[in-house]
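The values are calculated or read from the model by the stated rules, or taken from the named source; none is laboratory data. Note that this is a predicted model, so its numbers are computed, not measured. Backbone-built Cβ (ideal geometry, glycine too); neighbour counts: all protein chains shown. These area figures cover heavy atoms from the full protein model, side chains too; ligands, DNA and RNA do not enter into them. Shrake-Rupley method; radii C 1.70, N 1.55, O 1.52, S 1.80 Å.
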Amino acid sequence: MENRIYLDNAATTAIDPEVVETMIPVLRDLYGNPSSTHGHGRKVKALLEEARSKIARLLNCTPGEIIFTSGGTEADNMAIRGAVKHLGVKHIITSPIEHHAVVHTVEEMQHSGKAEMHLVRLDEKGHVDLQHLEELLATYPDALVTLMHGNNEIGNLLDLEKVAALCVKYDAWFHTDSVQTMGHYRFDLQQLPVDFLACGAHKFNGPKGVGFIYIRKGSRIKPFITGGAQEREMRGGTENVYGIVGLAKALEICYRDLDAKRAHVEGLKQLMIDELRNAIPGIAFNGDAEGRCLYTVLSVSFPPSDAGDMLLFNLDLAGISASGGSACSSGSNTGSHVIRALDTDPLRTTVRFSFGKFNTADEIRQVVGKLAEMYAVPATH
Ligand SMILES: Cc1ncc(COP(=O)(O)O)c(C=O)c1O
């Protein structure tokens, strides 16, 4: 959108023009059903399998371990529900700051009596307490551990290697919601013993409504969506072929340009931290913003002020798109379960700014300038 500044890249990202170019011929000309055995179908099937192989190469896994879905939510549902229904899981170890795609699914397993939920403790920075995780695993071996790789609201990063090693030690299944890290960090799935991993293309400049679940060979669950024999009989329904082709292209671009993109986006985040510290006394950052944290996310905690009440609204009026928590909870007035779990001062206001490759340093300076104007008004409470 003209003249607006978009700092909500954790909610979704702008599609990369290279991705659009790759998708258009598929959308326009290649309309065959990939399950059809005639020429029209075979051509599209070949594209689908090419996309799967490309993703498998990028993540160092086998094509058969990649199952396309409608996005991250479906992938999370498939892993958790599948583990309970088909792998005999009776205990699920998770954290209080997971995305709703995981939280609500695990809660449903608990409420329906299918599995018991166990919440791992967080440390003062919002990281999973690995010692408590080990205690839970020792008490409930053979559990499913579902812990997100990168938190969508505060950006905290999980130590995947350590958690995966603990799961191996206690024979637990390990699902990680990597929706916020896919395309932003490299994965070597031959080295990393995770069983399930979730991805949504729209978080890394790909199209919306498409993603995948990685299912390690040998940890086979059954389909979550039943129907035809698509996706190697793991997910019924005609595939979103142009979306899948776009997803694979978007991931390819991410890893092709990763070092430069990361340096650029990391620089923007650091600039925002530095400029905010200079501009607004009492500013703080939620989670482990300057430590083990996504370089794409900055959760800013503004000091108590009259400006705080209407902050997001006023930012929006000023042409700045940011988020008060996760996008998925905006519109509901229950507030963020993540910020609540961190036990932060309720008088402070949290805004999540999240950065992408299309943002510029000039935009960051403009946003901080606007925030400084809003916070120049003295507090009355
Ligand atoms: C951590 C995390 N998990 C899952 C999802 C859901 O992904 P999708 O929008 O592809 O369904 C999101 C999106 O906000 C997310 O940030």
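Which of the residues spanning region 69-83 are of a type in the set (Lys, Arg) and near the ligand (Cβ under 8 Å from one of its atoms)?
none
Restricting to region 35-44, and then to whatever is in a helix (DSSP H, G or I) and among the small types (Gly, Ala, Ser), can you tell me which residue is surrounded by the most Cβ atoms within 10 Å (Cβ to Cβ)?
Gly41
Quick check on my filter: what residues within region 213-253 are acidic (Asp, Glu) and surrounded by fewer than 18 Cβ atoms within 10 Å (Cβ to Cβ)?
Pass one, region 213-253, residues acidic (Asp, Glu): 231, 233, 239, 252.
Within region 213-253, Glu233 is the sole residue that qualifies.
Restricting to region 94-121, what's the tally of residues that are within 16 Å of the ligand (Cβ to nearest atom) and hydrophobic (A, V, I, L, M, F, W, C)?
5
Kindly establish whether Leu48 is more than 16 Å from the ligand (Cβ to nearest atom), closer than 22 Å to Phe187 by Cβ and open to solvent by 50 Å² or more (accessible area, probe 1.4 Å).
no
Could you check Val210 against (1) more than 14 Å from the chain's Cα centre (by Cα); (2) crowded, with 18+ Cβ neighbours inside 10 Å; (3) within 16 Å of the ligand (Cβ to nearest atom); (4) more than 13 Å from Phe174 (Cα to Cα) and say which number it fails?
Only one criterion in (1) more than 14 Å from the chain's Cα centre (by Cα); (2) crowded, with 18+ Cβ neighbours inside 10 Å; (3) within 16 Å of the ligand (Cβ to nearest atom); (4) more than 13 Å from Phe174 (Cα to Cα) is unmet by Val210, namely (1).
Which pairs have Cβ atoms under 7 Å, sit 6 or more apart or on different chains, and link a residue in region 255-274 that is open to solvent by 40 Å² or more (accessible area, probe 1.4 Å) to one that is of a type outside the set (A, V, I, L, M, F, W, C)?
Arg262/Tyr295; His264/Lys357; Glu266/Tyr295
Exactly one condition in (1) away from the ligand (no atom under 16 Å from the Cβ); (2) open to solvent by less than 50 Å² (accessible area, probe 1.4 Å) is false for His86; which is it?
Only one criterion is unmet by His86, namely (2).
Would you confirm whether or not region 75-96 contains a residue that is farther than 24 Å from Asp171 by Cα and either under 25 Å from the mean Cα position of the chain (by Cα) or in a loop (DSSP other than H, G, I, E, B) (or both)?
No; the residues of region 75-96 include none that is farther than 24 Å from Asp171 by Cα and either under 25 Å from the mean Cα position of the chain (by Cα) or in a loop (DSSP other than H, G, I, E, B) (or both).
For region 214-234, check the following and say yes or no: at least one residue is modelled with pLDDT of 95 or more, within 16 Å of the ligand (Cβ to nearest atom), in contact with a strand residue (DSSP E or B) (Cβ under 6 Å, 6 or more places away or on another chain) and not basic (Lys, Arg).
Yes, region 214-234 has at least one match.
With the requirement that a residue be assigned to a helix (DSSP H, G or I) and either open to solvent by 60 Å² or more (accessible area, probe 1.4 Å) or within 15 Å of the ligand (Cβ to nearest atom) (or both), what does region 4-34 give you? First the steps, then the outcome.
First, pick out the residues of region 4-34 that are assigned to a helix (DSSP H, G or I): 17-29.
Within region 4-34, Pro17, Glu18, Glu21, Ile24, Leu27, Arg28, Asp29 meet the criteria.
What about Val351, is it modelled with pLDDT of 95 or more and either surrounded by 20 or more Cβ atoms within 10 Å (Cβ to Cβ) or among the acidic types (Asp, Glu) (or both)? Talk me through it step by step, then tell me what you get.
Values: modelled with pLDDT of 95 or more: yes; either surrounded by 20 or more Cβ atoms within 10 Å (Cβ to Cβ) or among the acidic types (Asp, Glu) (or both): yes.
It is true that Val351 is modelled with pLDDT of 95 or more and either surrounded by 20 or more Cβ atoms within 10 Å (Cβ to Cβ) or among the acidic types (Asp, Glu) (or both).
Counting only residues that are among the charged types (D, E, K, R) and in contact (Cβ under 8 Å) with a residue 60 or more places away in the chain, which one in region 154-184 is most open to solvent (accessible area, probe 1.4 Å)?
Residue satisfying both the conditions and the ranking: Asp159.
Being among the small types (Gly, Ala, Ser) and out of contact with any Asp or Glu (no Cβ under 9 Å at 6 or more places or on another chain) narrows it down to one residue among Ala263, Ala250; which is it?
Answer to the selection: Ala263.
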